[in-house]
1. What's the number of the only condition in (1) within 14 Å of chain B (Cβ to nearest Cβ); (2) closer than 20 Å to A:Lys193 by Cβ that A:Leu228 fails to meet?
2. If you scan region B:230-239, which residues turn out to be assigned to a helix (DSSP H, G or I) and closer than 21 Å to B:Met92 by Cβ?
3. Given the criterion in the same structural domain as B:Tyr275 (by TED's automatic domain parsing), without any contact (Cβ under 8 Å) to a residue 40 or more places away in the chain and either surrounded by 18 or more Cβ atoms within 10 Å (Cβ to Cβ) or not aliphatic (A, V, I, L, M) (or both), identify the matching residue among B:His384, B:His320.
4. What residue, of B:Thr104, B:Thr98, is in a loop (DSSP other than H, G, I, E, B) and β-branched (Val, Ile, Thr)?
5. Mind counting the residues in region A:263-283 that are within 24 Å of A:Ile294 (Cα to Cα), in a loop (DSSP other than H, G, I, E, B) and of a type in the set (Gly, Ala, Ser)?
6. Would you call A:Ile311 assigned to a loop (DSSP other than H, G, I, E, B) and of a type in the set (A, V, I, L, M, F, W, C)?
7. Is it the case that A:Gly299 is at positive phi, touching a helix residue (DSSP H, G or I) at 6+ places or on another chain (Cβ under 9 Å) and assigned to a loop (DSSP other than H, G, I, E, B)?
8. Looking only at region A:315-354, which residues are assigned to a loop (DSSP other than H, G, I, E, B), loosely packed, with under 14 Cβ neighbours inside 10 Å and at pLDDT 90 or above?
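The values are calculated or read from the model by the stated rules, or taken from the named source; none is laboratory data. Note that the structure is a prediction, hence the values are computed from the model and not measured. Quick reminder, even Gly has a Cβ in these numbers, built from the backbone with ideal geometry, and neighbours come from all protein chains shown.
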Amino acid sequence: MSQKAVEKIDPGVAKIEAGPQGTETKHSRRKSEPKFTWRRKHLLGLQDLSREELFHILDTAVGFEEISRRSIKKAPALRGKVMVNLFFEDSTRTRNSFTLAASRLSADVLEFTAKASSVSKGETLRDTARNLEAMGIDIVVIRHSSGGAPHLLSQCIDACVVNAGDGFHEHPTQGLLDIFTIRQLRGDLKGLKVAIVGDITHSRVARSNIWGLHTLGAEVFLVGPATLMPSGVNQLPVTVCHDFDEIIGQMDVLNMLRIQFERIGSPVLPSVREYSRLFGLTVDRMKRAKKDVIVMHPGPINRGLEIDSEIADGPNSTILKQVSNGLAVRMAVLFLVNRAAAETKKSEATVEMI
Amino acid sequence: MIELLIKNGHIVDPANNIDMVGDVLVRDGVIRELGKVNGDGRDVIDASNLLVVPGLIDMHVHLREPGDEEEETIASGSAAAVAGGFTSVACMPNTEPTIDNEATVDFVYRRADRADKANVFAVGAITKGRQGKELAEMGQMVRGGAVAFSDDGEGVQSASVMLHALKYAGMFDKVIMQHCQDNALAGDGCMNSGYLATVLGLPGIAPLAEELMLYRDVQLAKQASARLHVQHITTAGSVEILRQAKRQGSKVTAEVAPHHLLLTEEGCRSYDPNYKMNPPLRTQKDIEALRQGVADGTIDCLASDHAPHLRSEKELEFLHAPFGIISLDCALGLYVKALIETQTIDWPRLIEMMTINPAEILRIDRGTLSVGARADITIIDPHHSWRVCVDEFKSKSRNCPYDGWELGARAVCTIVNGVVQLQLIPHKCGS
């Protein structure tokens, strides 16, 4: 590596370490507002996050996105920190994304898969967490089949907890990366019409999107079969619709959820063909949409089921952009929770000294 | 000859319509005199300003023995009962193995004798292994002492099996007690269905899952001309179905648990498995309807559904943790909080729901202070403020959401078959 390259990197690193002030971009429009301080050491969901908090993560992510475009994709923000990927459910992309995000911030990463661990021998989540903590873990990224597992974890350990998807509850970093992607393309979310299409009942992605989009002023439409709408859906800040064609023309964003194959043929869905015809984003249906509509999908895609290949790979699709943005958003989240934890420790130390 | 005199108590015996200040004389485990009794030379318990009532009966507890003795035993569970003022409990058959034959029923009575605390009455399973398919040997179990039948934890799903069970149990004048829940509708739900479950991302159990089976069973009981007892009802809809059934003369009775009178689904917000029960906690609207049902006689009994679980199990994730909480040690105070302090009912009605009503449903010779009756007596301080501390419970388990609660009433003396099993008030010896 040449001396010149090193010099080029250093200012960027300094910027990142400086935090939010260092990440001013065209998206940061509130320079005149008082400086905002991020205080959460856990990210469990988007439901409780304020507008300021959401913008703060998104703004921070803009700064991190730039690192991914450098030739040396590394910043020292989490040097000496240990992050564990505690995954109790299969995941490839979310896990990889967190791993890469952590390593770009120079953290050490420990991979923990439930199947290979002692959980199968009857150890509880608490025990597992405490054992990990005894090894000096700073951040736990958890995916779990039970809603609320990250809450349970956050109550029994000191480390930061980041929810990477819990049951049907939330998948906050997915919600954030979806919102980040929309904001990147449209600047402002206010008044945008966003349709979330598919199995809402079993979707944590839908829930995180609903809360984040609603807080930031977008209008959310839920589209899908009545058998896959959760109870009490009408009390959510959304409009529910069972006729995709009726609303598709007004939408600015179409977020197509993945349909789990095990639902097909169960009492809730008669067939792939019927689902695709009623709720899939087909080439035909796409003709009714706005020319510049943003087409999203959290992946992995079932081509020909919820979305046709031509659309998934077409000009409106942001599917791969979402993946890249996921990295930046997760770097921002890891950076922010770790700093909040450090601040807490510092203030506790001060209290002890007094 | 063992004699004990309870002096100056406020005697409430709903079975005999007694509500007066007086004395109760016990000799050799039997109530001998009621009214004004001379205390000279006798062992005396001063019950001034206290309520003297028939021993309380909890017709719905889980004592986990045989099979899960690490959670509770018949000994620890009956110790918790007397600590809470209960002289009799009826234990559910969802043990390992299931209490579904004469030998296991007999086992319960032998263990209870050995424990020598509360009276323990065995409830046998309706179907073999609680599988909902073949009737269990009810006749044999009745011979062993079973007082009722239930597959509690599961409802009998097949209408045909349920109809046969009602008819068959009727031959022995034993009641079928049903946990009303349609499994197909309830699915893998773990809390009340609705907006909150959706927000929390937890699968729900709709009120309809309970109400549909309740409605079905009322019709089946009518068809069978048999008695039906509905366990732990939870919804406003269920109260209404029962009210109509009773109006039409159905032989149906019902119980409600303290948690369904005091806690709502909001408790699940914290993902604390101590708020996970089956049937689930519902809403404030349901609590109001249940209290109304208690007030107007639609609901007959109060029963705790005391369900012990290991701490390690209840520390699991909400979805994976087992259903149920314990409350035998503090149930009386909870009922008082839910029903007396809210002025829903008065003391005589509360005592009726905890004594003679369950005794009549179970056809057991308990629940009154009649002269000649077994001396099961509970003395209650109706103005005793105390703080619930689960670590002081006699139960082996600690899965209880009421830890730290302030309650306003407490059993201060529990007498079972004439023997004092709990004594928190002074006792003057005569000799």
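1. (2)
2. First, pick out the residues of region B:230-239 that are assigned to a helix (DSSP H, G or I): B:236-239.
Selection gives B:Ser238 alone.
3. On the way: B:His384 fails: in the same structural domain as B:Tyr275 (by TED's automatic domain parsing).
Among B:His384, B:His320, only B:His320 is in the same structural domain as B:Tyr275 (by TED's automatic domain parsing), without any contact (Cβ under 8 Å) to a residue 40 or more places away in the chain and either surrounded by 18 or more Cβ atoms within 10 Å (Cβ to Cβ) or not aliphatic (A, V, I, L, M) (or both).
4. Details: B:Thr104 fails: in a loop (DSSP other than H, G, I, E, B).
Residue meeting the stated conditions: B:Thr98.
5. 1
6. Numbers: assigned to a loop (DSSP other than H, G, I, E, B): no; of a type in the set (A, V, I, L, M, F, W, C): yes.
Here the answer is no, as A:Ile311 does not meet what is asked.
7. Numbers: at positive phi: yes; touching a helix residue (DSSP H, G or I) at 6+ places or on another chain (Cβ under 9 Å): yes; assigned to a loop (DSSP other than H, G, I, E, B): yes.
Taking the combined requirement at face value, the residue satisfies it.
8. Going residue by residue through region A:315-354, those that are assigned to a loop (DSSP other than H, G, I, E, B) are A:315-316, A:318, A:354.
When the remaining residues are screened for being loosely packed, with under 14 Cβ neighbours inside 10 Å, the result is A:315, A:354.
A:Pro315, the sole residue that qualifies.
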